[in-house]
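Written below as structure tokens is the structure these notes are about.
The values are calculated or read from the model by the stated rules, or taken from the named source; none is laboratory data. Everything numeric in this text was worked out from a predicted model, so none of it was measured. Cβ coordinates were reconstructed from backbone atoms using ideal geometry, including for glycine residues, and neighbour counts include every protein chain displayed.
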Amino acid sequence: MRTTTLLTAGALLLAGPARTLAQTTDPNSTNAESPFVRLIRPDRPGQTITTNMLYPGQFQLETGLTRYDTGSSVGYAGRSAWGSTLRVGFFNHIELRATQNYLLAPSATRFTEGVPVPYSGPTGFAPLNVGAKFLASTVQNARSQVVVLFDMNLRNGDASYPDKQFEPGARLLVSQQLGQRFGLEGNFGFRQRGFKAEGTKQGQYLTTLALNGPIGAGTHLGFLAETYATWQRQQGWRPGLTSGLYYRPAPGLRLDITAGHGLTAAAGGFTVGAGLAFRLGK
């Protein structure tokens, strides 16, 4: 009986490159006081999840509102959603996390041949996503960082969401610090529906590459520039770009605004968003 999941296979595939990349990290360089490490680095905005991991006892909340165009290939097409992520530093180089999206109801009634039609799609709380980051590098927050993320969408959430299933996923997160303040980060991951092998046919792959850092001599104002691509068996490749600005009034507080767009007709759709992130604990 073939019930092997793509998550298990992906874990084995990720383990090899993670070990190889981890060996390139200098164990004698903690790099803890560089601005790139010391200042807050949230997993929002954009598609890229950072390699930054919280230390034990630290908490970080990231929240924001995103508007997705009707042609968007990521997120909730044609809708607006609040997304919030709670990250908690754990022992043994582990970070626990939970992400909850809240899908807003449309502000206007749809019309079909001049007749108003009430909206019948999903609204409210989406299925909860829970996961954990695991350090694959020798030293946490080194100049070269490798982290593995495992997560899963649960089957809870508002009853208006149809055909809810467990959706396991995994990502390999890598980063390279450039100088003391800039960073290049990339993700490679996948997500499938259910646990059986046939669920891989509906799975989605994601690859991202993002550059971020300050603007000017200070560290308060900065930028994000990201390219990403999703792939599904039925849809093929859907590449896109995300760019944004952020303002950091304090080391543990950051506000951001972003805009993104697909690079092909199939990946079309304009996305805008704004949010904040703050960290507690030392």
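Annotations for the structure displayed:
- Residue within segment 166-174 that is over 26 Å from ILE40 (Cβ atoms) and not in a strand (DSSP E or B) present: yes
- Segment 35-74, residues that are over 18 Å from THR230 (Cβ atoms) and of a type in the set (S, T, N, Q): THR50, THR51, ASN52, GLN58, GLN60, THR63
- Flag for GLY189 being touching a residue at least 24 places away in the same chain (Cβ under 8 Å), under 20 Å from THR99 (Cα atoms), surrounded by fewer than 20 Cβ atoms within 10 Å (Cβ to Cβ) and touching a helix residue (DSSP H, G or I) at 6+ places or on another chain (Cβ under 9 Å): no
- Some residue of segment 151-170 being hydrophobic (A, V, I, L, M, F, W, C), at pLDDT below 90 and surrounded by fewer than 21 Cβ atoms within 10 Å (Cβ to Cβ): no
- Every pair of residues 6+ apart whose Cβ atoms lie under 7 Å, when the first sits in segment 60-87 and is over 12 Å from GLY275 (Cα atoms) and without any contact (Cβ under 8 Å) to a residue 40 or more places away in the chain while the second is among the basic types (Lys, Arg) and not in a loop (DSSP other than H, G, I, E, B): SER80/ARG67; LEU86/ARG97
- Among the strands (runs of 3 or more DSSP E) confined to segment 187-282, the ones with at least 3 residues that are out of contact with any Leu (no Cβ under 8 Å at 6 or more places or on another chain) and at pLDDT 90 or above are located at 204-214, 236-250, 270-280.
- A single member of VAL146, VAL139 is over 29 Å from ARG79 (Cβ atoms) and assigned to a loop (DSSP other than H, G, I, E, B), and it is VAL139.
- Number of the exception - VAL117 against (1) touching a helix residue (DSSP H, G or I) at 6+ places or on another chain (Cβ under 9 Å); (2) modelled with pLDDT under 90: (1)
- The set of residues in segment 26-79 that are in a loop (DSSP other than H, G, I, E, B), basic (Lys, Arg) and modelled with pLDDT of 90 or more comprises ARG41, ARG44.
- The lone exception for SER175 - which of (1) at pLDDT 95 or above; (2) surrounded by fewer than 19 Cβ atoms within 10 Å (Cβ to Cβ) it fails: (2)
- Number of positions in segment 192-233 that are of a type in the set (D, E, K, R), in contact with a Ser or Thr (Cβ under 6 Å, 6 or more places away or on another chain) and surrounded by fewer than 19 Cβ atoms within 10 Å (Cβ to Cβ): 1
- Condition met for ASP163 (over 20 Å from the mean Cα position of the chain (by Cα), part of a loop (DSSP other than H, G, I, E, B) and at positive phi): yes
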